[in-house]
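Comments concern the structure below.
The values are calculated or read from the model by the stated rules, or taken from the named source; none is laboratory data. If you're wondering where the values come from, they're calculated on a predicted model, not measured in any experiment. Virtual Cβ from ideal backbone geometry, glycine too; neighbours counted across all protein chains shown. Ligands, DNA and RNA are stripped out before the accessible areas are found, and what is left, the full protein with its side chains, is counted by its heavy atoms. Shrake-Rupley method; radii C 1.70, N 1.55, O 1.52, S 1.80 Å.
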Amino acid sequence: MKKFFLIPLLFGIFMLNVASTCSNDDDSNDDDDSSSSTIITQTQNTIVNGAWRVTLFSEDGSNQTSQFSNYDFVFGTNGTITANNGSNTMNGSWTTGTDDSTPKFIINFSVTNGPFEEISEDWQILSTTSTKIELKHVSGGDGSIDLLTFEKN
């Protein structure tokens, strides 16, 4: 008789263990989604305030920051970008999103060559503060890493 009592008890303990493990997995996924959402919202709210400059553009380990000297970038709430250095104006667009729970900042300038083509990418958001946004892009072709940092003027 005792054997019949132990079997359901052991089964019940097993099921509680499985349920608690599944619950913990779900919580960690929610935290990842929440973290991505928070950094995206912070980036969206920050980038539309004021003018920004490129303080770092590193393409596959080569510093190319000087290509953006004297350009002020203004990011509109409607998803537009204007980069102006006093004599040249470049227009583009920006948006945000996620890719495999990775927060992304997507820049698009409709040019076919030059530095503005090089920053037209889907950038991983590394960090955002009220005065600095750090981005990273890993090439799908050769795995090279580009870095892009905007700082508020």
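The table that follows gives values for the structure above.
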read-out	value
Inter-residue pairs, beta-carbon under 8 Å, first over 11 Å from VAL74 (Cα atoms) and in the stretch 84-95, second assigned to a loop (DSSP other than H, G, I, E, B) and open to solvent by 70 Å² or more (accessible area, probe 1.4 Å), 6+ apart	ASN85/ASN70; GLY86/ASN70
Selection count, the stretch 56-71, where residues are in contact with a strand residue (DSSP E or B) (Cβ under 7 Å, 6 or more places away or on another chain), without any contact (Cβ under 8 Å) to a residue 24 or more places away in the chain and farther than 20 Å from GLY86 by Cβ	0
Qualifying residues in the stretch 128-138 (those that are among the polar types (S, T, N, Q) and in contact (Cβ under 8 Å) with a residue 40 or more places away in the chain) - the one least open to solvent (accessible area, probe 1.4 Å)	THR128
Test result for GLN44, more than 17 Å from the chain's Cα centre (by Cα) and among the polar types (S, T, N, Q)	no
Boolean, VAL54 is open to solvent by 30 Å² or more (accessible area, probe 1.4 Å) and among the hydrophobic types (A, V, I, L, M, F, W, C)	no
Leading residue by the ranking (surrounded by the fewest Cβ atoms within 10 Å (Cβ to Cβ)) among those in the stretch 71-87 that are touching a Phe, Trp or Tyr at 6+ places or on another chain (Cβ under 7 Å) and outside any strand (DSSP E or B)	ASN85
Evaluation of SER120 against (1) assigned to a loop (DSSP other than H, G, I, E, B); (2) open to solvent by 30 Å² or more (accessible area, probe 1.4 Å); (3) within 19 Å of THR43 (Cβ to Cβ) (one fails), failing number	(2)
Count of residues meeting criterion [of a type outside the set (Ser, Thr, Tyr), assigned to a helix (DSSP H, G or I) and touching a Phe, Trp or Tyr at 6+ places or on another chain (Cβ under 7 Å)] in the stretch 43-62	1
Per-region count, the stretch 105-117, residues open to solvent by 30 Å² or more (accessible area, probe 1.4 Å) and in a strand (DSSP E or B)	2
Residue under evaluation GLY141, criteria (1) open to solvent by less than 70 Å² (accessible area, probe 1.4 Å); (2) outside any strand (DSSP E or B); (3) at negative phi, criterion not met	(1)
